[in-house]
Amino acid sequence: MEAVTDNALMLKVKAGDTDRLGLLFERYHRALYSFFYRLTSSSEVSEDLVQNVFLRMLKYRHTYTGEGEFKTWMYHLARNVHADHYQKNKRLGFADDFTNLENKLRDDFTVEEQTRQNEEMQLLQTALNCLDVEKREVLVLSRFQGLKYKEIAELYGCTEGAIKVRAFRALDELKAIYLKLEKQEIA
């Protein structure tokens with residue numbers, strides 16, 4: 001049996017077969033949760049935002065054309081959901097602590113190595129939170145969510161080259177912030 005493509009599933013949802021949205025949820029809820037968690041550092045908020053994305057998919061299914069990749073349309077909705085949440089709460093929406101590492105530590109790490117890695121991840125999350133929202137989104141989408149620059153360019157309505165420049169500059173700024181924070185910790 002061939003797997004049904006995401007585009008085909010969403011087109012069926014658009015046509016009224018809303019039960020198919022469950023299959024898309026199964027395929028993408030973890031990726032969306034990861035996207036939101038990297039932006040908010042909150043499990044509860046991330047779970048709520050994932051639900052809101054799928055509610056919007058249902059509400060705005062009539063806008064889905066089937067052109068381009070489904071993921072691009074989905075992340076467009078996700079960015080809007082995050083922006084609405086950000087506006088609604090009138091705060092950054094980012095916690096200071098980064099407690100859940102995506103890559104679990106190997107058992108053979110010593111306590112000192114685990115502590116050092118936890119500190120580095122917390123410092124990296126703090127540096128990431130210092131970036132403005134657009135730069136943080138570009139890095140999360142490209143580095144953590146695995147979207148191609150072309151897909152991100154479609155989300156932002158610009159060229160692939162512009163996204164490459166934005167990602168490079170965001171990464172450069174992230175590195176500078178990280179190094180600055182690292183020096184402050186040492187001092």
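The values are calculated or read from the model by the stated rules, or taken from the named source; none is laboratory data. Here the structure is a predicted model, which means the values were calculated and not measured. In this analysis, Cβ positions are derived from the backbone assuming ideal geometry, glycine residues included, and neighbour counts consider all displayed protein chains. The area values use the complete protein model at the heavy-atom level, side chains included, leaving out ligands, DNA and RNA. Shrake-Rupley method; radii C 1.70, N 1.55, O 1.52, S 1.80 Å.
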- For the range 64-89, name all the residues that are open to solvent by 70 Å² or more (accessible area, probe 1.4 Å) and touching a helix residue (DSSP H, G or I) at 6+ places or on another chain (Cβ under 9 Å). T65, E67, E69, H76, D84, Y86
- Count, please, the residues in the range 39-62 that happen to be in a helix (DSSP H, G or I), touching a helix residue (DSSP H, G or I) at 6+ places or on another chain (Cβ under 9 Å), open to solvent by 10 Å² or more (accessible area, probe 1.4 Å) and over 19 Å from E26 (Cβ atoms). 3
- Pairs, please: C-beta under 8 Å, at least 6 apart or cross-chain, first residue within 12 Å of F70 (Cβ to Cβ) and in the range 1-26, second acidic (D, E) and at pLDDT 90 or above? L24/D6
- Of the residues in the range 134-187 that are farther than 15 Å from H76 by Cβ, without any contact (Cβ under 8 Å) to a residue 60 or more places away in the chain and touching a Lys or Arg at 6+ places or on another chain (Cβ under 6 Å), the one that is most open to solvent (accessible area, probe 1.4 Å) is E160
